[in-house]
Structure formats: structure tokens, C-alpha cells
Amino acid sequence: MIKFTERQLKVPRFMRPVYLVTGGQSQYARAFPEKRTEELCIDALTMAAEFIGMSPAELKGYIHTCYYGHFADHFGDQLLGESVIHDRLGLDPLGNIGVKTGGATGGSTIWEAAKAVASGYSDCALAMGWERMDEVPTDEGNNYIACAADKDWETPLGHIYTGYYATMAQRYWQVFGKSQDSFRRTMAEISVKNHGYARWNPFAQSPMDITVEDVLKSPVVAYPLRVLDCCLMSVGAACVIVADEETAFKMCKNPLRLYIAAGSHSLRVADRRDMEIPLLPNETPDQYQDLDEVFPGGHRYPGFTGFLAARMCAWYAYRMAGVKDPTEDLDFVELHDAFTISDIQTYEDIGIRPYGRGRDYVESGDCYLVNPRTGKQGKLPANLSGGLIGCMHAVGATGIMQVVECALHIWNRHAEIHGNPKLWKSFGKQKPKNWVDVQVPNARRGLAISHAGVGSHVTCTILMHPDHLLKEE
Amino acid sequence: MNNQAKVWIEKGAYKIKGEFSTPEPNTPIRRKDGKLCGVTNPRRLVHMHSYGGEAPFFEGLAQGRLLGTQCVNNKCEYKGSIYIPFRIFCPDCLAKMKIVDLTAKARKTARIYSYVVTSRTGAFNTLETPIRFIDLEFEGVSTILKSYLLVGEPEIGQRVKPVFRVKPTYTITDLAWVTADTKKPPKGFHL
């Protein structure tokens, strides 16, 4: 049993408000055989500068400290890759540090940069993330990824991360999905949605116009997961600039308030001890008393069916930002859809739906920009970027890409970037003739979840337009 | 492999013999039109890795025993909790735990909590495919153990029992499982 003390449950507090000033990203692809990593990072930083009408040199003049998210050194065969990028960005001799928390590296990097600004150490900080997974063949890549599991207790078992992760999916599939065809189709619908939204995103690696049947016919990776249920493996970079209020308003007209919190859970899923469900503001203590009756086998929390780290980062972040009910208070979300089934698990962990009821978020149509069931705006559109399934999963950059995408909606500048034919052309693509603007109308508040593998680290970032804060300060 | 890397310990330090790092020639990576884009970086490496306080668990597998640990600290709120995977220190009080033999408990109570079957593996895999990954619950144990099933098809709730590799590798792969009604151990393993 895990129990928390009151001190451990203190609501995190920034010593001063933190603002998101700008952000940028590179193109994403499975491989860039003719580009070095710093070229991608410079693409991202240049976009961030141009977005607020600055030259890269002008933007760099504001940066005081740098936070670099890059997870897998061994893929690139380069330790201290952060130092290489820092040098190539021309940011020496500023202080910098590398951040590594698996798939949550991007979110954790923003977490570190935000704390530097919140504490007063820096008035302006860079959070830049990237990943390079194209320098080894797939089986060596599988082994490298498996090294993010426990070296002695898991990795020697097949050297394949699927074997450690997919047993979680299996348990959720059987207990909460009840192995139903209808649940399987709901999983597939997430892939259709996210590959579909990727069609309107010039940065995205895997735009696809597919059907539920296409997903269900794609090759099995580890039952019930099929190829089209799984996220991409990508190369790319993304960055954001965070600042205190005074600096932020000097740098741009409309910076966004940023809140961020983190949670963790055991690297080795086997180590998960039972505990009571930590409740979010929109949940009640009696709500889960019959969970095991309704979903036989759902007795063990978090077991393999909940991501405790996701629950805890939402627990902290909602209280920090004043979110009472994510579906009501937020206008859209970018979730870590590593797999279709884990996307559903996350809906429950962050309170979009109660535990066991995550599928309803998709089946109700709430997760779409335009609800296909009603033809009206979806209540809480998810992953309009295409997410990890349709856009990219360049690990260290992923959580940052999500935050950049969220910010573009609140700035009402999503179409300006995504609909720019010159940008499409610069990536060697043609803007689709039927291109669709997926700007969320009147977007005020958004959320991004950055999540590591089996749930060892998760961050929850909440962005708000300063005129639409939820909490008095 | 006459010159295979070997490692032993003398006076608290690693001693090594044989080949640990073998460089191989680079080759250029070119585009079809001949433009140079990069190079390959081949090499063979051997790492030395300490099991530290978990070494008894891996030695135990070689002896056909499944060892876990139990908190025996009177001051710990969770005294008596049993852990497998084997943890050296109690996750609550951080006191060193007592080693307990869970072989009999595993034979009598192990059940599959979850599983997945996959034919995909990574480089350096030594297990036969498809691998039947299983996660196991034991009565009275706080945690769950990940392993693999060698005989039978996995199902949630299914009773299984452990088998141990006859010629140990001193890794977690020395432990595998078979369905509870299995009479004859799979080749290379004993009950």
C-alpha cells in the first residue's frame, strides 16, 4: 500500500507566474539521413523566433538558462549531446542541463525550465527537445528501447519493450474493455482520428486517410495491439521559450500562462503496490466502490490498468491551475497516445472520464473537433496535431511539440502555421487541396500530457490565456 | 572464442582477461548518386555488471529456488510485507530486508495477472519466439513478477508453476513457468 503524507500532497506553487512566450518545431520523419540533429534544433528555434517577429539572435539575447530534453544518448552514440546542441545554437556560456525521463522527457524539460523562471533564477529560459532514433537497425533499436526497462529483471526477457508494456494493455483490454469487439473498434477509431488530423499538419510524419477496418486488419504487434494502434518512431526537434511576466510581455504581446506538474511510478511495472485511488476534483470518494463488481478484475489499483504517475501529475496540476473538471474547464487536449489503449487509460487517469469509462470519451464524439455523432463542435477535442500516432514521437521533443500545438490554438494562429503552403513546400510536401483548418474556436485553455513508457514519469502542462484564468492569485 | 572476455574479483577490484572491445573498420554511407552522407560505427563491447545485493536471487535461480525479500523492521508500518521482484531494502522504511524462499508459495499460488504473446524481439534476444510474457501474482505478496511461459497458452487467472534452467545463465531468463498441470519440464529446464 502506498500512502501519502500531507506534505507530499502540497499543491505545487510557483513563486511568480510563468508565461509561455513562443515555440517552434522541425519537420518530423522516421529518418533524416542527410541532416544532423542541430539542423533540426535550429529549425525549431528559428521558427520560435520568427513567430514573435524576432531574429534568432534577438531571441537568444533574452535566454538566461537552457534545458535540453534528449532521452536516448545511446541511439546517437553521443554522450553530452546537450552540450553539442548548446554549442551549435551559439548559447555558450549560459548554464544548461540535460533532462531524461523517457517518453516524458519533453514535458519534464518544460517542467525544469518553468521552475527556473518561477523561482526567479532566470527571467527567460529555453526548453528544447529532440530525438534521433534513425542511426541503428530496428532490432538494435528495440534492444536500446528495452534498456529503458529494468536491466536485470526485464530487459533480458526478449530485449523488447512490447513485452513489458503490452501486458498492461492486455489487462486493461480484458478487465475494462471486456475483450469486446465494440471496445476494439473504439481503440481503432482513435488511430483513424489521429492519423486523420495529421493530414492537416505539415510537420506530421504519418498523415493517413484510413478506416477502422484498416486498423483492425493491420498486422498484430502484440495482441490486442496492431501496427496502426501504435505510435511512430521519429526524428525531430521542438522548443518553447518561457519567461516571467515582465519579460514575457516585452518579448510578445500575448504570452500564455503556464502551469506544470509531474508524477512518477515504478519503472518496473511489477513493483506496483496497491493503493486507494487519489481523487481528482471532479471525483467523489464513493465513486469507485463498485469498480470490481462492474469490471471484475478491477480490484487492484493502480495495478496494470491505471497510470498512477498520470493521475498524480493531474492531481497536482489541476489544483495549481484551478481546474475542477477538465472536460468543462479546458477547450482541448494533447494526450500521449503511445498506443490507442493507453490513450483510453489516460482519459481516466486525468479525469476526462471516470476509471473504467474512458471509452465513452471517444464513443460520445467529445474527443473530436467536430463531433461526428452530432455535427457540432466536440466538447474537448484531443490530439488535433495527430498526436504520437499521426504526428510524431521523437521522444525528447514530443512533450514540447504538444505544448507548441496547444499554444497555437490559444493564440488563434494554428491555421497561420499549419495552412502555410510555403511551409509544406519547405518540407518537400504539397499542402493538400482539401486542407482543413482545425483551429479550436475561441480556445482559452489547453492541456498536454507527456508520458514515459510504462508510466515511470508523466507531466501535465496547462496553458491558459491570461484573461481566462481559473484561479484567483 | 578462445579469447572470450572473462572477469573475476580480487581484493575488491575487477580483474579482466580476454577481448572486451573489438574495433571494426568503418564504411561510408553514400547516396545513390555517390554523395557522402555518413559512416557506420561498428564495434563489439563487453560490459561488467554487478548484481550487488540482488545476487542471491540470481544464484537462487541457479539452485532451483525463487527468493524474495520481507521487511522485518519492527518500526516499519508495513512490517511483514513480502516482495518479489527481490528488493534489497524495504521501499517504506529503507531497512535491509530478510531473504525468504518463495519457491513453495509460487508452486502453490502463482496465477497469471496479465500476459502478452509476441514474436517481436530486440537484438541480443536469447528466448525462443513467440515469447509468452506473463506477469504473476502470488498469495500474500505485495508485488507482481514478470517472466515467461514455456508450456501452455496464457490466460488471466491461470495457475502456473516455476521451472528453472538446468545450465544457468545467471540472468532472469533462468526462471520460466509452465501450466500447473505440467508433469514433464520443458527441455533444458527442471521443475
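The values are calculated or read from the model by the stated rules, or taken from the named source; none is laboratory data. This structure is a prediction, so every number in the text was calculated from the model and none was measured. Please note: Cβ atoms are built from the backbone with ideal geometry, for glycine as well, and neighbour counts cover all protein chains shown. For the accessible areas, the whole protein counts, side chains as well, though only heavy atoms, and no ligand, DNA or RNA atoms are used. Shrake-Rupley method; radii C 1.70, N 1.55, O 1.52, S 1.80 Å.
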Margin query: I'd like to know which of A:Ala248, A:Tyr316, A:Asn434 lies farthest towards the positive end of the charge dipole of the protein assembly as shown, counting +1 on Cβ of Lys and Arg and -1 on Cβ of Asp and Glu.
Written below: A:Tyr316
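How large is the Rg to Rh ratio of segment A:64-220 when both quantities use alpha carbon positions and Rh follows Kirkwood? Don't jump to the answer; show the numbers that get you there.
Values: Rg = 19.8 Å, Rh = 18.8 Å.
Over the Cα atoms of segment A:64-220, Rg/Rh equals 1.05.
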Item checked: Separation between Cα centres of segment A:277-312 and segment A:174-213, rounded to whole Å -> 25 Å
Notebook entry, point to check: So which residues in segment B:144-191 end up with at least 40 square angstrom less accessible surface once the other protein chains are there, compared with the chain by itself, probe 1.4 angstrom?
Noted result: B:Ile144, B:Lys146, B:Ile156, B:Ile172
Checklist line | Interface residues, segment A:171-194 - accessible area loss of 40 Å² or more versus chain alone, probe 1.4 Å | finding: A:Arg171, A:Gln174
Item checked: Only Lys, Arg (+1) and Asp, Glu (-1) charged, at Cβ; segment A:91-135 dipole about Cα centre in debye -> 180 debye
Check: Is there a simple number for the mean count of other chain Cβ atoms within 10 Å of the Cβ of residues in A:139-151, and what is it?
Finding: 3
Next item on the list: Report, to the nearest whole %, how much of the accessible area of segment A:12-97 belongs to carbon and sulfur atoms, 1.4 Å probe, protein only.
Entry: 56 percent
Check: When you count, for each residue, the other Cβ atoms within 10 Å and take the mean per peptide, how do B:59-70, A:350-361 rank with the highest first?
Finding: A:350-361, B:59-70
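Given +1 on the Cβ of Lys and Arg, -1 on the Cβ of Asp and Glu, and no further charges, what dipole in debye does segment B:52-190 carry about its Cα centre, rounded to the nearest 20? Before the final figure, lay out each step's value.
Values: 20 positive and 13 negative charges, 71 e Å.
I would put it at about 340 debye.
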Next item on the list: Please label the shape of chain A as rounded, prolate or oblate, based on the square roots a ≥ b ≥ c of the eigenvalues of the alpha-carbon gyration tensor (a/c under 1.5 means rounded; beyond that, a/b larger than b/c means prolate, else oblate).
Entry: rounded
Notebook entry, point to check: Can you run phi through the Karplus equation (6.51, -1.76, 1.60; θ = phi - 60°) for segment A:137-154 and list ³J(HN,Hα) in whole Hz, with x for Gly and Pro?
Noted result: x, 4, 5, 5, x, 4, 5, 4, 5, 5, 5, 7, 9, 5, 4, 9, 9, 10
Item checked: Separation of alpha-carbon centers, segment A:456-473 and segment B:118-191, rounded to whole Å -> 45 Å
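What is the sum of charges around B:Ser81, taking Lys and Arg as +1, Asp and Glu as -1, for the other residues whose C-beta is under 15 Å from the C-beta of B:Ser81? Walk me through the intermediate numbers first.
Working: positive: A:Lys3, A:Arg272, A:Arg273, B:Lys75, B:Lys79, B:Arg87, B:Lys96, B:Lys98, B:Lys105; negative: A:Asp271, A:Asp274, B:Glu77, B:Asp92, B:Glu137, B:Glu139.
Its environment carries a net charge of +3.
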Next item on the list: List the relative contact order of segment A:139-241 as a percent without decimals, with contacts defined as Cα pairs under 8 Å and 6+ residues apart.
Entry: 18 percent
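With a probe of 1.4 Å, find how much accessible area segment B:52-190 has per residue, and write the answer as a whole number in Å².
On the way: 6280 Å² over 139 residues.
That works out to 45 Å² for each residue.
Would you tally the net charge around A:Ala310, using a Cβ to Cβ cut-off of less than 12 Å, leaving A:Ala310 out, and scoring K and R as +1, D and E as -1? Please report the intermediate quantities before stating the final value.
Values: positive: A:Arg311; negative: A:Asp343, A:Glu348, A:Asp349.
Its environment carries a net charge of -2.
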Notebook entry, point to check: Is there a simple number for the mean count of other chain Cβ atoms within 10 Å of the Cβ of residues in B:123-131, and what is it?
Noted result: 6
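Looking at the square roots a ≥ b ≥ c of the eigenvalues of the Cα gyration tensor of segment A:184-322, which shape do they give, rounded for a/c under 1.5, prolate if a/b is larger than b/c, or oblate? Before the final figure, lay out the partial values.
Values: a/c = 2.16, a/b = 1.09, b/c = 1.98.
Note, shape of segment A:184-322 comes out oblate.
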Checklist line | Whole-Å semi-axes of the ellipsoid equivalent to segment A:259-463 (Cα gyration tensor, √5λ, descending) | finding: 31, 18, 16
Margin query: Give me the percent of accessible area attributable to carbon and sulfur for segment B:52-190, probe 1.4 angstrom.
Written below: 51 percent
Margin query: How charged is the neighbourhood of B:Gly188? Take every other residue with its Cβ under 9 Å from the Cβ of B:Gly188, and add Lys/Arg as +1 and Asp/Glu as -1.
Written below: +3
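Could you report segment A:39-168's accessible area per residue, 1.4 Å probe, as an integer in Å²?
Details: 4460 Å² over 130 residues.
Heavy-atom accessible area per residue stands at 34 Å².
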Notebook entry, point to check: Farthest toward the dipole's positive end in the protein assembly as shown, which of B:Cys93, A:Ile63, A:Thr37, given Cβ charges of +1 (Lys, Arg) and -1 (Asp, Glu) about the Cα centre?
Noted result: B:Cys93
Check: What list of ³J(HN,Hα) couplings, whole Hz, do you get for segment A:209-226 from phi and the Karplus terms 6.51, -1.76, 1.60, once you set θ to phi - 60° and write x for glycine and proline?
Finding: 9, 10, 10, 4, 4, 4, 5, 5, 9, 5, x, 6, 8, 7, 3, x, 7, 10
Next item on the list: Over both sides of the A-B contact, add up the buried accessible area with a 1.4 Å probe and give it to the nearest 100 Å².
Entry: 3800 Å²
Notebook entry, point to check: Excluding ligands, DNA and RNA, what is the solvent-accessible area per residue of segment A:259-463 at a probe of 1.4 Å, expressed in Å²?
Noted result: 31 Å²
Checklist line | Amide H contacts under 5 Å for A:Gly236, placed H, 5+ residues apart | finding: A:Glu131
Note to self: Please list, in order along segment A:233-238, the HN-Hα scalar couplings obtained from phi with the Karplus expression 6.51 cos²θ - 1.76 cosθ + 1.60 (θ = phi - 60°), rounded to whole Hz, x for Gly and Pro.
What the structure shows: 10, 9, 10, x, 9, 8
Next item on the list: Determine the share of segment A:266-340's accessible area contributed by carbon and sulfur atoms, expressed in whole percent, with a 1.4 angstrom probe.
Entry: 48 percent
Next item on the list: Mind putting a number on the dipole of the protein assembly as shown about its Cα centre? Charges go on the C-beta only, +1 for Lys and Arg and -1 for Asp and Glu, and I need it in Debye to the nearest 20.
Entry: 1500 debye
